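Just below is one structure, and these are the notes that go with it.
Every number in this text was worked out from the coordinates using simple rules, so none of it is lab data. Just so we're clear, the structure is a prediction, and the values are computed from it rather than from any experiment. Neighbour counts are summed over all protein chains in view; Cβ atoms, including those assigned to glycine, are modelled from backbone coordinates with ideal geometry.
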Amino acid sequence: MAVTLKDVARRAGVSPSAVSRTFTPGASVSEKTRKKVEGAARDLGYSPSFIARSLTTKRTKLIGLVANNFQNPVFLEVFDLYTRALQQRELRPLLVNLTNETDPEQSLRMLRQYGVDAVIVATSTLPPNFSRAFRAARVPVVHAFGRFDPVANVHVVGIDNNLCGRMAAETLTSRGYRNIAIIGGPEYATSTQDRIAGFCQRMRELKLPVEDISYAANYTYAAGRSAMIELMRRTSVEAVFCGDDLICMGAMDAARSRGKSIPRDIGFLGFNDMDISSWDAYQLTTIRQPIRDIILSSVELVVELADDTERKPEIRLFPCTIIERSSLRPVSAG
C-alpha cells in the first residue's frame, strides 16, 4: 500500500499537520521537525501528493499550454522549451491541442475542470477571442506569439510582425530585387496579416509594387510547395518572402523542380530560423524570431499572474534579426 502522510507522522513522532507544513513551501516549521520529517519520509519512500496539497492551497500548479501548430517542427522546440521552463519552476504543463478548433468554450470548460492556475496560448493562428474567453472567465492568460489586442485586455509576449514585414521588404530590395512575391502563412493568422501589411507598406514607401500575394494553407512543406507551384503558373518573380521556413523550403524545392537555380534565378527569404534552415540543401536566409526569449518571458509572466491575478495587461515585444545564408544574392553595392 502507498505510504501516507500519517505513516510519516508516526515514524517521525510528530503530528500530521507538522508533516504537511514541512512539505508546503513557505509554511512555518522548526528545523528540528523538518529534519525528523524528511528523514522519516526518506526511510518510508514517501512523496507528497500534489493533488492533496492542491485541495489545501487551492493551487494545482497546472499551467494550460494551448497550441494548434503541431504539423510544423518548430513546435517541437516550442514544446521542449515550455515544458522545461515550467517544470524548473515546479509547475506542470497541461497540453491542449486545438488544431481545427474555432470555439474557445470547449477548451475553457476542460481547463477549468482541471483547475489550471493559468493558461498560455502559444500560437498566432488562434483568433483573439480565445484569450478574451479565458480572461472573461477570470483565468489568468498570456498570449505568446500573438497580436496585442487592446479590446482583449490580455497579456501578450511576442514580436512586432508588422515591423518584421518591413524588415523583409528592406532585405529584399537592398539586394536589388524588384519583382517580389509573398507566400504568407494561413490567411487567418494574425502574424501573417501583420507581416504582409508591413511588407506592403514599406514597398509603397519605396514606390515599388508587390508582384503577388498568396497564402499557404498551413505551416507545412507541402503547403509551401503547392503555393509556389501556383505562383509560378500565374507569374514570374525574382524573389519570394515566405511566412515560415518550412513553407519556404517547400517553395524552394518547387522552384528547383521547374529548373530554377537559387539564388541565381530566384531568391528566397524565410521566417523563424528553425534548425533545418541551415541544412546544406537549403542554406536559407531567414528572419530569426527569438523563440527562446518569448517562451521564457511568457513563463515568467504567467508565474507572476498566478500570484497577482489583477495585474494590468502588458505587452512584451522582442526584436527579430536577419540570419544570412545563401538563398538570396548579396546586398547590392552602392
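Distances between placed amide hydrogens fall under 5 Å for G267 paired with A239, V240, all partners being 5 or more residues away or on another chain. Computing FRET efficiency as 1/(1 + (r/R0)^6) for L208 and D265, where r is the C-beta to C-beta distance and R0 is 22 Å, gives about 0.65. Remark on segment 178-270: Rg and Dmax equal 12.2, 35 Å (Cα only). Distance between the modelled labels on T24 and D275, one decimal in nanometres: 4.4 nm (7 Å Cα→Cβ projection). Summed over qualifying helices (DSSP H, 4 residues or more, each -39500 (n - 2.57)) and divided by its residue number, the chain shows a 222 nm mean residue ellipticity of -13500 deg cm²/dmol. Beta bridges from DSSP with both residues in the chain: antiparallel share about 10 percent, rounded to the nearest 5.
Report relative contact order for the chain in percent, whole number only (criteria: Cα-Cα under 8 Å, sequence separation at least 6). Once divided by the residue count of the chain, the mean separation gives 15 percent. Selection among T22, P186, L328 by position relative to the dipole of the chain gives T22 as farthest towards the positive end (Cβ unit charges, Cα centre). Springs join every pair of Cα atoms under 10 Å in this Gaussian network model of the chain, and among S236, S297, S107 the largest mean-square fluctuation is at S236. Averaging 1/r across all pairs of distinct Cα atoms in the chain and inverting the result yields a Kirkwood radius of 22.3 Å.
Taking amide hydrogens as placed 1.01 Å from N in the peptide plane, the amide H of I322 sits under 5 Å from those of R288, each at least 5 positions away in sequence or on another chain.
How high is the FRET efficiency from R233 to T99, r the C-beta distance, R0 30 Å, rounded to 0.05? Rounded to the nearest 0.05, the efficiency is 0.55. Dipole size of segment 161-289 about its Cα centre, with +1 on Lys/Arg Cβ and -1 on Asp/Glu Cβ: approximately 420 debye, rounded to the nearest 20.
Charges were assigned to the Cβ only: +1 to each Lys and Arg, -1 to each Asp and Glu. The resulting dipole of the chain about its Cα centre is roughly 960 debye.
What Cys residues in the chain have no fellow cysteine's beta-carbon under 4.7 angstrom? So, C164, C200, C320. The residue list S236, F271, I247 was ranked by how far each Cα lies along the charge dipole of segment 161-289 toward its positive end, using unit charges on Cβ atoms, and S236 comes out on top. Here's the list of lysines a cross-link from K36 could span, going by alpha-carbon distance under 22 Å and ignoring same-chain residues fewer than 8 apart: K6. Extension gain, R258 to A197: 0.36 nm times the residue separation minus the Cα-Cα distance gives 19.0 nm.
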